[in-house]
Amino acid sequence: MDESGIGNGADGRGLRGPGRLSERLSGRLRWWLPALIFVLLLAAALSLLSLSTTHESSQAQEQLITDTLWVKQTIQFQLDRSAETLQVLAHDIESRSLDAAAVRGRLEWFVRNTKEAVRVVYLDSAHVPILSIGREGNELSTAMPRPSAAELDTMVVAIDQARGRGKPIYGSPYVSDAGAMLAVHIATPAGQKAAAPGSVICVYAMSRILDENVPWWFAQDHEIVLSDLEEKVRGVRAVSGPGRGVYTHQTVLELDGTSLVLKSNSIRGAPSWILGALRGGIAVLTAMLLLSLFALWRDVKRRVHAEDMLREEAAFRKAMGDSVVTGLRARDMTGRVTYVNPAFCKMVDYAADELVGKLPPMAYWAPEYAHEYEERMAQIRAGNVTATAFETVFQRRSGQRFPVMIYDAPLLDSQGGQTGWMSSIVDVSEQKQAEEHMRMQQERLQDITRLTTMGEIASSLAHELNQPLAAITSYLTGSVNMLRNGAAPLAEIERTLEKANQQANRAGQVIRRVHDYVRKQEPQRVAVAMRELLQDCLPLIELQARNTGVRVTTASADDLPTVMADPVLLQQVLLNLTRNGIEAMAEADREHKRLEISLRNEGADMLRIDVRDYGTGVLAEAHEKLFSPFFTTKTEGMGMGLSICRSIVEVHGGRLWFESFARGTAFCVSLPGCSNDTHRR
Ligand code: ADP
């Protein structure tokens, strides 16, 4: 967590200025780069695919060429071998003077062993067929062929050629009832037997040439066609159907006398399913890539949005931190200051960078309070402190001390783990001054009431003093008379003077008590024995009571706790309550004019004072307002008595209330006692 960034960094608006431009540029780049990579990747994949397809095609084509050439060679070899056999046969016919049966046997043997041959004909020199062995299904027949005139012409030309060149001559392929045929003509050499030599013609069915010479494994995958040079198809072998025209090859089969074209056409198309699978794969990958790019784009967009929100939030918080008058200070778990707001800087008169990043002791710590801060820090670290306020004193740069109120709250990160503490600090100097002012006002009011009470009892005082003064006067007069007469013994005179002295002391005591009560002094707390305090002010109470004919009785338990209190203020409470009681009984009958003051131990070290009268009682409408300042039902009243009594009692940690009876009221005070037994006197 770096809160100092918020406290000291550039302001939120700065982040929206030039920074945004470069951000936008880098944002664009962020999208262009993957898009470019994506296109390049796609292009590479497609070219790889096309390369591999081409490679495969060329391999298949090469294989086809090799196989076709192999087939061509096989056919050629087979035809050559057959021709050679026929040549030997023809030679044997002429030279060995074979008889008709032997010739026939040889020819039959040839036809039986040469599967592509459909017929062999032996002709005499006049080209008249003498012997013909033909294949009809699996049987051999000797039916004589009857060639047409045109056929005969071609045959004659071919035989002449064969004779002239001394080797077998092939005629052009022709179509007969049984399909396309290819004939080879062999002229027998001139022998001893016949003056004019004959010839042998072998007719091959072109389809059988293919059937017998093309191996099955090649035929299975290819359509093989034999055609003449005019592109007329003369023989076809297509076991597995027509070729697809993807892989084709043709080669010329050179024969003496004619040429044939051997064409092979693969029934295999391009490697379509692999290609399809690859294309499908690329399409799926492309789609997935696009999808993930889209997801990435959405995620980045969301993050950018969240960042913007966060920035705004930070700016908002900074503005808030800057505008509040309360000092704000954040610390990490080690106590290092991570953030201070301007109000705090102003309060202690230090710049933010003089405070942020610093570890205790801090510059604004007043040395004499350092132990308090350390203690508080230890408590915070131990986790004993929640949001409770802590009052202490800080110092400004000038060294001037000022009271502060600190409220600490834990700083949590997004996971809820604590990262430090946030404190708000309030300068309570003015509040303190106001409180002091209030206290002084209150005291002055207490003085005024005291003096007022005093004024009220002043006349009674005069009466009280009258008695001792009159007694003193009569004692002194008596003494003077005794001295003048000279008759009285000295001891008598001394006793009379002693009495006068006692009366003077009594008058002096009255005066001193009044003086004690009226004298203005700072409130001070001492251990007070309540019974003695009551005895002290009892004469003043009786003074008022006697004037109105009220009898005062006191009752006091023995086990009273002492209280830590200001005795003059407690006297003031007693005098106020007793005066109210006496005044409430002004109109009462003589026998009811009784004021009871009782002191007792209430338990739990609490002292209880009851002032009970038998007067008018508190009026129902006065119940609520009795303790409010300036509430009075008396024409001469000020209405401050009970209000002041209550604040005095509460200042001493006690409680003041009243209880109503059928006749009269009791005002009750309960005060916490102290175990300290040092009495005032
Ligand atoms: P003040 O005596 O100047 O009126 P206090 O605050 O002492 O002011 O009393 C306020 C009012 O409370 C009195 O005017 C009176 O009506 C009522 N009061 C106080 N003490 C008694 C009492 N013992 N009996 C009946 N009423 C009382």
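The values are calculated or read from the model by the stated rules, or taken from the named source; none is laboratory data. On a predicted model such as this, the values are computed, not experimentally measured, just so you know. As a convention, Cβ positions derive from the backbone with ideal geometry for all residues, glycine included, and neighbour counts pool all protein chains shown. Side chains are part of the model used for accessible areas, which takes the heavy atoms of the whole protein and leaves out ligands, DNA and RNA. Shrake-Rupley method; radii C 1.70, N 1.55, O 1.52, S 1.80 Å.
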Within 10 Å, at most 12 other Cβ atoms, and a DSSP state outside H, G, I, E, B define an exposed site. Report the longest part of the chain free of exposed chymotrypsin sites (Phe, Trp or Tyr not before Pro). 1-629
Of LEU411, THR188, VAL284, farthest towards positive along the dipole that unit charges on Lys, Arg, Asp, Glu beta carbons give the chain: LEU411
Net charge contributed by nearby residues that have their C-beta within less than 15 Å of ARG397 (K/R +1, D/E -1): 0
Carbon and sulfur atoms account, in whole percent of the 1.4 Å probe accessible area of region 546-647, for 50
Going by Cα centres, region 538-602 and region 167-181 are how many Å apart? 162
Whole-angstrom gap from region 93-120 to region 244-290, using each part's C-alpha centre: 46
So if each residue of separation counts as 0.36 nm, and I subtract the Cα-Cα distance between LEU469 and THR66, what length gain in nm does that give? 128.9 nm
Would you mind counting up the charge near PHE218? Only other residues with Cβ under 15 Å from its Cβ, with Lys and Arg at +1 and Asp and Glu at -1. -2
Using Cα-only point scatterers and the Debye equation, what is log10 of I(q)/I(0) for region 58-126 at each q in 0.16, 0.17, 0.18 Å⁻¹, rounded to two decimals? -0.65, -0.70, -0.75
For region 313-452, with every protein chain kept in place, what is the accessible area per residue (1.4 Å probe, Å²)? 55
To the nearest 10 square angstrom, how much accessible area does CYS674 have with a 1.4 angstrom probe? 20
Where in the chain lies the longest segment free of GluC sites (Glu not before Pro) that are both loop residues by DSSP (not H, G, I, E, B) and have at most 16 other Cβ atoms within 10 Å? 232-586
For helix 18-95, what angle does its Cα long axis make with the longest principal axis of the chain, in degrees from 0 to 90 and rounded to 10? 20
Alpha-carbon centroid distance for the pair region 605-681 / region 206-237, whole angstrom: 137
What Kirkwood hydrodynamic radius, in Å, does region 544-681 give when the mean of 1/r is taken over all pairs of distinct Cα atoms and then inverted? 15.6
If you fit an axis through the alpha-carbon atoms of helix 149-165 and take the longest principal axis of the Cα set of the chain, what angle between them do you get, 0 to 90°, nearest 10? 90
Ellipsoid semi-axes in whole angstrom, largest first, where each is sqrt(5λ) of the Cα gyration tensor of region 160-300: 59, 13, 10
Over the chain: Kirkwood hydrodynamic radius from C-alpha pairwise inverse distances, Å: 40.8
From the alpha carbon gyration tensor of region 124-194, can you work out the equivalent ellipsoid semi-axes (sqrt of 5 times each eigenvalue) and give them in Å, largest to smallest? 22, 16, 12
Where Lys and Arg each count +1 and Asp and Glu each count -1, what net charge lies around PHE77 among other residues with Cβ under 14 Å from its Cβ? -3
Would you grab the residues whose amide H sits under 5 Å from the one on TYR204? Only those 5+ places off in sequence or on another chain, please, with H modelled 1.01 Å from N. VAL118, LEU182, ALA183, VAL184
For region 306-423, give the magnitude of the charge dipole about the Cα centre (Cβ charges: +1 Lys/Arg, -1 Asp/Glu; no others), in debye to the nearest 20. 260
Order the following by accessible area, largest value first: MET362, MET638. Probe radius 1.4 Å; ligands, DNA and RNA are ignored. MET638, MET362
Structure shown: which of LYS72/LYS115; LYS318/LYS432; LYS432/LYS625 lie over 23 Å apart, alpha-carbon to alpha-carbon? LYS318/LYS432; LYS432/LYS625
Please get the size of the charge dipole for the chain, origin at its Cα centre, with Cβ charges of +1 on Lys and Arg and -1 on Asp and Glu, quoted in debye to the nearest 20. 740
